[in-house]
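The values are calculated or read from the model by the stated rules, or taken from the named source; none is laboratory data. Here the structure is a predicted model, which means the values were calculated and not measured. Glycine gets a Cβ as well: all are built from the backbone with ideal geometry, and neighbour counts include every protein chain shown. For accessibility, only protein heavy atoms count, side chains too; no ligands or nucleic acids. Shrake-Rupley method; radii C 1.70, N 1.55, O 1.52, S 1.80 Å.
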Amino acid sequence: MKSKLTAVALAAVVVAGTGATAIPASAATAKAAPTRCHTADLKAGFAMGDDAKPEMEQSERQTQAYIWFTNQSRRTCTLSGFAGVDMVGAQKTDGTWSLARSSEKPTKMTLEQGDTVGFSVNLLPVAGSTPQKEKFVPAKFLVTPPDETEHFTLKWPFGGQILKQDGATHPGTYLNPIGL
């Protein structure tokens, strides 16, 4: 209540001192726009519903995995852009693969407390008979929310392997912005 009175009193002083028209009290006490979500505000995971699971058993076409963020804070916050996603491989030869971004344009998403938003990762699965040096076997995903440095470590629950294209200009495995 004290800050509300201070804002109204300040608006009255500014108006009286400048000869400007009065500012309504509701404008002087308007809520600030939500700021971006921080890693500590969120929890993350893979979407596990039947419609959301990637088809890793096939190798004829791309498939998608979905990762979600839920606002677990008590405030409204926003997410915009691309998460950072590094896949950590299960094979000694896999290493870590930082996924490229799609050309899709991000939009700002506003998350109230408890709201969830996701994004998709396009994957290019390969057959188990593919030579080891040509396949990447995911073990973990390190997922960093946009504009953050702290990440979530998500265990890859879907099995399968992906065509190794970590040096490709236009790989078949890449990520989309938040909301897509």
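Quick check: with the 1.4 Å probe, what order do LYS135, LYS105, LYS31, LYS164 take by accessible area, largest first?
LYS31, LYS105, LYS164, LYS135
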**Prompt:** If you plug each phi of segment 37-52 into the Karplus form 6.51 cos²θ - 1.76 cosθ + 1.60 with θ = phi - 60°, what whole-Hz ³J(HN,Hα) values come out, in order, with x for Gly and Pro?
**Reply:** 6, 9, 3, 5, 7, 10, 10, 9, x, 8, 5, 10, x, 4, 6, 9
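Decide, for segment 125-170, between rounded, prolate and oblate: order the square roots of the alpha carbon gyration tensor eigenvalues as a ≥ b ≥ c, take rounded if a/c falls under 1.5, and otherwise choose prolate if a/b is larger than b/c, else oblate.
Values: a/c = 3.56, a/b = 1.71, b/c = 2.09.
Because a/c hits 1.5 or more and a/b fails to exceed b/c, segment 125-170 counts as oblate.
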**Prompt:** Under 15 Å Cα-Cα from LYS31, which aspartates and glutamates qualify once same-chain neighbours fewer than 8 residues away are excluded?
**Reply:** GLU112
**Complete:** Under 5 Å from the placed amide H of LYS140, counting only residues 5+ away or on other chains, we find VAL88, TRP156
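Quote to one decimal, in nm, the extra length available between THR35 and GLN64 on full extension: 0.36 nm per residue of separation minus the C-alpha distance between them.
Details: separation 29, 0.36 × 29 = 10.44 nm, distance 2.97 nm.
Result: 7.5 nm gained on full extension.
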**Proximal lysines relative to LYS155, as straight alpha-carbon distance under 24 Å, when same-chain residues fewer than 8 apart are discounted** = LYS43, LYS53, LYS92, LYS133, LYS135, LYS140, LYS164
**Request:** Please list, in chain and number order, the residues 5+ apart from ALA83 or on another chain whose amide H is under 5 Å from its amide H, with Hs placed from the backbone.
**Result:** ILE178
**Complete:** Amide H neighbours of ARG36 at under 5 Å, excluding residues fewer than 5 places away on the same chain, with H built from the backbone geometry, are THR78
**Request:** Grab the other residues whose beta carbon is less than 14 angstrom from that of ALA44, score K and R as +1, D and E as -1, and report the net.
**Result:** -2
**Message:** For a test of the definition: using alpha carbon positions, the gyration tensor, and the 1.5 limit on a/c, classify segment 67-180 as rounded, prolate or oblate.
**Reply:** prolate
**Request:** Step through the residues of segment 175-180 one at a time and calculate ³J(HN,Hα) from phi using the Karplus curve (6.51 cos²θ - 1.76 cosθ + 1.60, θ = phi - 60°), rounding each to whole Hz and writing x for Gly and Pro.
**Result:** 10, 10, x, 3, x, 10
**Request:** Within the set of other residues whose C-beta is less than 13 Å from the C-beta of THR63, count the net charge using Lys and Arg as +1 and Asp and Glu as -1.
**Result:** -2
**Request:** Give me the number: length gained by fully extending LYS155 to LYS140, i.e. 0.36 nm times residue separation minus the C-alpha to C-alpha distance, one decimal in nm.
**Result:** 5.0 nm
